[in-house]
Amino acid sequence: MSKVFSPELGLFDSLTRRRPTGYVALQDISLSIEKNTFVSIIGPSGCGKSTLLNLLAGLDRPSVGQILVNGERVRGPGPDRGIIFQNYALMPWLTALGNVEYAVETACSGLSRGQAKERAREYLAMVGLDRAMHRFPKQLSGGMKQRVAIARALSISPSILLMDEPFGALDALTRSYLQEEVLRIWEDRRVTVVLITHSIEEALLLSDQIVLMSRGPAATIADVINLPSLRPRQRSVIDQHPEFVDIKHRLEEHLLKETRAVEERT
Amino acid sequence: MLENRISRTLAIVISFVSVLVALLVWQILATQGLLGKNFPGSFETLKELAWWLSDPFFDNGPNDLGIGTNLLISLRRVLIGYGLAVLVAVPLGLLVGMSRIAESSVNPFMQLLKPVSPLAWLPIGLFVFRDSEITGIFVIFISSVWPTLINTAFGVTSINPDFLKVSRSLGASQFRTVVKVVLPAVMPNILAGMRISMGTAWLVIVAAEMLLGSGIGYFIWNEWNNLSLPNIFVAIIVIGFAGLMLDQIFGSLQKRFDYQA
């Protein structure tokens, strides 16, 4: 398998993740991601998308192969990568501010207490929650919780933001709103984003590049699609821009085929 | 399920009436001699209760202590033994919940000793410590340690794994994760365990003290030797109220640490 080496950031080199039981979730994944781009990974359910994210986060180790970030090998989790989970993962005993503060205090040990708090406030203001920061997670809506999680992930100034189906648990309207919030924030302060999703629209709206996975087990990359660099992007382009429409059809066809194969497997 | 809702006032009134009826039935059964000759009625018992409560803290030698004095002796033993048990059970429970090695090492003791009545340890305690006070505390320790330990360990194994992932991904040390994430996450389980432990300890102290020579349990034993049944009922009522108070403390603590509500 040929190596594509990006001088900037991010390379998975023939990645394979094998469980101790012998189940191969991912096989021979190679991909390089350019700095400060927005990459979506899309695939049928059970294709190992989340496994891939855990590997990138350093929460799991690949059985074979390596992951490089800025040319350095990933050996474990670290604050150079921020993670956003589908179910927010906010700690219920801390306020919104407390949750972000915990991240800042943990990841940026050089800061004083006051500086950490100031930084946490700043990021909560960025996601529009300056007035709700003393509330506990149970007092926040799903969308607000995920905004706290976004503030928390970005507050440690990661070079990569990993998002694991971040809008999956939200209703359709809140989801659209948050997608646009993420776009706005990302336009404002660029970081490399890897988004795991199963929504075609979401991938089209947000990404520079879409990585299409085949079905698991032993899932692999089926295709890498570069999107036209239309920024800032309006939601309407997905249905109107001919190139987007074409890509959308390709994605739908592939995902439907793969999903059918998964569902009809006995 | 018979009624959907009754008002709070009505509930209190019903409870009050229920107690009154029970006292009345008790009085009738006793005066009719249906509970044995000389069995005290509720009126006599309440009169005794009033007398004991009018001066609860007198001290006329070891076999003639006020009911409050005896209660304080028992409470002191429970709080020391229980406190030591919590100090051991919480850290050990965290360890057992987090490490398979610790779990495997503690498990045989937990499985074997949990079902044994703590009173079985009384002779061992007396032999080793040669002191009834320390033996009492020791027995309370044994009785309190398991529920808190088991609940804490269970709490750790049921933590939302995303919390741990968040902490790890931020580069938190193991120690920081335990103190800042695991401990608060497990707090509701710890409190539930501590509540059960307190209940058990309060049950065990009465029985243990019958053999130890002071405290509220010994008071019952002493009044049995005096054949003073009203005083035994007085002790039962006092023990019940004290237990209720202890339980209420944990009830409100649990409410404070219920993150979902």
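Select from A:Ser236, A:Ser159, A:Ser199 the residue whose mean-square fluctuation is largest in a Gaussian network model of chain A (Cα-Cα springs shorter than 10 Å).
Answer for the Gaussian network model of chain A: A:Ser236.
The stretch A:165-223: which trypsin sites (Lys or Arg not before Pro) are DSSP loop and have at most 14 other beta-carbon atoms within 10 angstrom?
A:Arg189, A:Arg190
Short version: ³J(HN,Hα) in whole Hz for each residue of the stretch B:202-211, in order, from phi by Karplus 6.51 cos²θ - 1.76 cosθ + 1.60 (θ = phi - 60°), x for Gly and Pro, what are they?
Karplus-based 3J(HN,Hα) across the stretch B:202-211 equals 5, 5, 6, 4, 4, 5, 4, 5, 4, 9 Hz.
Separation of the stretch B:95-173 and the stretch A:218-266 by C-alpha centroid, Å?
The stretch B:95-173 and the stretch A:218-266 have Cα centres separated by 54 Å.
Jot down the radius of gyration and Dmax of the stretch B:152-191, Cα atoms only, both in angstrom.
9.7, 29
Zone of B:Ile12 (label point 7 Å along Cα→Cβ, backbone N under 14 Å): which residues in the stretch B:236-256?
none
What are the GluC sites (Glu not before Pro) within the stretch B:1-107 that DSSP puts in a loop, where the Cβ has at most 11 other Cβ atoms within 10 Å? Before the final figure, lay out each step's value.
On the way: sites: B:Glu3, B:Glu44, B:Glu48, B:Glu103; in loops: B:Glu3.
Sites meeting the loop and neighbour criteria: B:Glu3.
Can you give me the P(r) profile for chain B? Cα pairs, bins 10 angstrom wide beginning at 0, each as a whole percent.
Using 10 Å bins, I get a P(r) of 6, 22, 26, 22, 15, 6, 2, 0 for chain B.
Calculate for chain A the 222 nm mean residue ellipticity that helices alone would give, adding -39,500 (n - 2.57) per DSSP H run of length 4 or more and normalising by residue count, nearest 500 deg cm²/dmol.
-11500 deg cm²/dmol
Could you give the C-alpha radius of gyration of the stretch B:203-242 expressed as a fraction of 2.2 N^0.38 Å, taking N as the number of residues it contains?
Expressed relative to 2.2 N^0.38 Å, the Cα Rg reads 1.04.
From Cα pairs below 8 angstrom and at least 6 apart in sequence, can you work out the relative contact order of chain B, rounded to a whole percent?
22
Starting from the Cα of B:Ala50, move 7 Å in the Cα-to-Cβ direction to define the label point; list residues of the stretch B:2-28 whose amide nitrogen is under 17 Å from there.
Residues passing the 17 Å test: B:20, B:23-24, B:27.
Using amide H atoms built 1.01 Å from N in the peptide plane, name the residues 5+ places from A:Ile83, or on other chains, whose amide H lies under 5 Å from its own.
A:Leu162
When the Debye formula is applied to the Cα atoms of the protein assembly as shown, each taken as the same point scatterer, what base-10 log of I(q)/I(0) results at q = 0.07, 0.08, 0.09, 0.12 Å⁻¹?
For the protein assembly as shown, the Cα-only Debye profile gives -0.60, -0.71, -0.81, -1.11.
Quick check: from the Cα gyration tensor, does the stretch B:117-224 come out rounded (a/c under 1.5), prolate or oblate?
prolate
How big is the convex hull of the Cα atoms of the stretch A:87-157, per residue, in Å³?
74
Pick from B:Ser99, B:Ser117, B:Ser18 the residue whose mean-square fluctuation is largest in a GNM of chain B, springs joining Cα atoms under 10 Å.
B:Ser18
Dividing the alpha-carbon radius of gyration of the stretch B:56-101 by 2.2 N^0.38 Å (N being the number of residues), what value is obtained?
1.90
Report the Cα-based extents of chain A along its three principal axes, largest first, to the nearest Å.
So the extents along the principal axes, rounded to whole Å, are 52, 42, 40.
Among B:Pro118, B:Pro40, B:Pro147, which one shows the biggest mean-square fluctuation in a GNM of chain B, springs joining Cα atoms closer than 10 Å?
Most flexible of the set in this elastic network: B:Pro40.
For the stretch B:207-261 and the stretch A:127-168, what is the centre-to-centre distance using only Cα atoms, to the nearest Å?
That distance is 49 Å.
Readers should treat all values here as calculations from the given coordinates under stated rules, not as data from a laboratory. This is a predicted model, so every value here is computed, not measured. Using ideal geometry, Cβ is built from the backbone for each residue, glycine included, and neighbour counts are taken over all protein chains shown.
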